[in-house]
Amino acid sequence: MMQPRMLGMEEGKDQASVIRANISRTLPLRLLLFCLFFSVMAIGMSIICMYSVRFFVFQQTGIVTPSGLRPWFDEETDTIERWIRPPSNLWHSISDNELLWRASFVPKINEYPFMRVPKIAFMFLTKGPLPLAPLWDKFFKGNERHYSIYVHALPSYVAGYPSSSAFRGRQIPSQMVEWGKMSMCEAERRLIANALLDISNEWFILLSESCIPLYNFSITYHYISRSKYSFMESYDDPGPYGRGRYDWRMEPEVKLSQWRKGSQWFEVNRMLAVKIIEDTKYYPKFKEFCQPVCYVDEHYFTTMLTLQVPHLLANRTLTWTDWSRGGAHPATFGKDDMTEAFFQRIFEGQECLYNDQPSTVCFLFARKFAPSALEPLLGLASKVFGF
Ligand SMILES: *[C@@H]1O[C@H](CO)[C@@H](O)[C@H](O)[C@H]1NC(C)=O
Ligand SMILES: *[C@@H]1O[C@H](CO)[C@@H](O)[C@H](O)[C@H]1NC(C)=O
């Protein structure tokens, strides 16, 4: 029984070798070479395709390495780095709607599975230049791990900061056409949304081109990071510049008794920053009914947050402003005002609550300072501000 079967297999083997011999005899060598050449070409083309797709995709997102081409095996794409790295280029072409949507992403697990150093996002709202940037550069120097900067200027403004400046490359794209009214709130939301894209940013401060820091970075950082509350000014002003700006058509979302006023210059933590950019309930009401002499930037953020999270607000601002001269605009200080005695008066006159305790440190920033104040300020900085 075994033998025929063994024989059959032997026969089959023989048959196979006969066929092989036939093939090698009948198939010309040239055809073989052609097949080989074709396969090498195909593999080569697909490698080139893969590289160029990556190259153009990265160019569009602004991530271009010096060599232009990235190695195909990129260790960052399969580690957590990929998800937590902030955009390396702030100059994107994302629309406002896309930006707000992306910025509203919030992790649902509260503990970070990596070492996160929380940063302060300094957000500068200016029409164009930042004349006091050299003073801020002095303030920021040596604290690179703990801050990020965002500048919102009119789209036409082309900034030219020296390469040593912390402001270089920090301008965000703006779709602003006119200065004032709702566009201010839009600009502020745009600043916050851009800053939210960096997962390390934990506190968000809005500043203007005429603001200066009053303390050094370490004091500023500790004051903000240890506060239980966000510094959003909020009060009920019964007069014409407070309740007088309310419009009944804002009901039922905002009632007269809920209408608040406060300084435009705020500091909020990440959670409140998300509340600001995700709002689609109050924003349309303010956009429609806080017009035309309503000064929406003095009412929108403070009213909206007081309605939602009153217990998280310090109800005061960190930015000192001198309204004592009266009128619609605060005092502006120039070169001749810059003396030690001037700042002594600012520091001595402070009294407030910090984490529910009385404190004499209430303002970390001050405005308004003219460009002419820069030189004397640089001279006074180490003695008066400690940086
Ligand atoms: C701020 O005001 C709200 C009421 O609008 C209040 O609930 C909250 O406790 C105040 N914050 C502080 C720190 O007192
Ligand atoms: C910041 O200022 C405080 C008080 O002026 C000072 O004690 C501290 O050493 C300063 N910190 C730095 C890093 O210069």
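We did not get these values from a lab; they are worked out from the coordinates using the rules stated. Note that the structure is predicted; figures quoted are calculated from it, not measured. Positions of Cβ are generated from backbone atoms using ideal geometry, with glycine treated the same way; all protein chains shown enter the neighbour counts.
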Point to revise | Whole-Å semi-axes of the ellipsoid equivalent to segment 295-352 (Cα gyration tensor, √5λ, descending) | key: 29, 16, 8
Study note, to complete from the structure: Rounded to one decimal in nm, the spacing of the 7 Å Cα→Cβ label points at LYS127 and SER227 is 2.9
Check your understanding: Between ILE219 and SER95, how many nm apart are label points set 7 Å from Cα along the C-beta direction?
Key -> 4.7
Practice item. Please give, to one decimal in nm, the separation of the simple spin-label points placed at ASP78 and ASP337, each 7 Å out from Cα toward the Cβ. Key: 6.0
**Study point:** Rg(Cα)/(2.2 N^0.38 Å) for segment 303-387, N = residue count
**Key:** 1.30
Exercise for review: Binning at 10 Å from 0, report for segment 156-254 what percent of all alpha-carbon pair distances ends up in each bin.
Suggested key: 10, 29, 36, 20, 5, 0
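Exactly which trypsin sites (Lys or Arg not before Pro) in segment 78-146 are in a DSSP loop and have at most 10 other Cβ atoms within 10 Å?
Numbers: sites: ARG82, ARG102, LYS108, ARG116, LYS119, LYS127, LYS138, LYS141, ARG145; in loops: LYS108, ARG116, LYS127, LYS141.
Listed in order of number, the matching sites are LYS108.
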Check your understanding: By the scheme Lys and Arg +1, Asp and Glu -1, what is the net charge of all other residues having a beta-carbon under 12 Å from that of ASP322?
Key -> +3
**Study point:** lysines with Cα under 27 Å of LYS281, excluding same-chain neighbours fewer than 8 positions away
**Key:** LYS108, LYS181, LYS228, LYS255, LYS261
Point to revise | Mean-position separation - Cα centroids, segment 119-185 and segment 216-260, in angstrom | key: 24
Exercise for review: Just flag the trypsin sites (Lys or Arg not before Pro) in segment 203-280 sitting in loop per DSSP whose Cβ has no more than 12 other Cβ atoms within 10 Å.
Suggested key: ARG226, LYS228, LYS255
Review point. Got a sec to turn the phi values of segment 87-104 into Karplus ³J(HN,Hα) couplings, 6.51 cos²θ - 1.76 cosθ + 1.60 with θ = phi - 60°, whole Hz, x for Gly and Pro?
Key: x, 7, 10, 6, 8, 9, 10, 6, 6, 4, 4, 5, 5, 4, 4, 5, 5, 7
Review point. Roughly what % of Cα-Cα distances in segment 147-209 sit above 17 Å, to the whole percent?
Key: 42
Practice item. Within segment 77-143, list the GluC sites (Glu not before Pro) lying in a DSSP loop whose Cβ has at most 12 other Cβ atoms in a 10 Å radius. Key: GLU111
**Study point:** Under 5 Å, built H, 5+ apart or other chain: amide partners of SER208
**Key:** LEU125
